[in-house]
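Right, one structure below, let's go through it.
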Amino acid sequence: MLHRKHWEHHNHTGEVGKDPDFHRGNPGIVPWFASFMSSYMSMWQFARLAWWTVVMQLLGAPMANLLVFMAAAPILSAFRLFYFGTYMPHKPEPSAASGSPPVVMNWWKSRTSQASDLVSFLTCYHFDLHWEHHRWPFAPWWELPNCRRLSGRGLVPA
């Protein structure tokens, strides 16, 4: 599912209703994140997670541990991926978000972070180098800083 969704995103970047990463007409961060999550997590996956949580609770796992490791950690991880890899690079300009129809955010308009390579890695494995990710979709995440230098859009090598 993830591979298919990833290529749907690349083939329909910023098209409302076709890009699984893009908002569905409301660019607010909360509705957009909900849309993002519903695109990538099926009801079957959610049911399996809930089932395992119940099993772990019946086996004596403390509720606090279940909340931290089975709920909070995956949600925070997904939000980090969403925020740095989808929302920040593709969010519409403020004027486009105020009442006008949804704007298609083509990949060449996506934003790339100007953060250092270390900060870029720490935020979300270079997902903030989004223009480069779209320009070179087959480049592995660890090569994206080199792609940024190659493109001349970011930091100049020391």
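Before moving on, here are some points about what is shown:
- Index of the failed condition, Ala64 passing every other in (1) in a helix (DSSP H, G or I); (2) within 22 Å of Arg111 (Cβ to Cβ): (2)
- Tabulated pairs, region 102-124, first at pLDDT below 75, second exposed (fewer than 12 other Cβ atoms within 10 Å of the Cβ), C-beta under 9 angstrom, 6+ apart or interchain: Val103/Glu93
- Condition check for Phe22: assigned to a helix (DSSP H, G or I), surrounded by 14 or more Cβ atoms within 10 Å (Cβ to Cβ), within 12 Å of the chain's Cα centre (by Cα) and touching a residue at least 40 places away in the same chain (Cβ under 8 Å): no
- Taking region 125-158 as the range and being of a type in the set (Ser, Thr, Tyr), on the phi < 0 side of the Ramachandran plot and modelled with pLDDT of 85 or more as the test, no residue passes.
The values are calculated or read from the model by the stated rules, or taken from the named source; none is laboratory data. In this text, all values refer to a predicted model and were calculated from it rather than measured experimentally. All Cβ positions, even for glycine, are placed from backbone atoms using ideal geometry, and neighbour counts span all protein chains on display.
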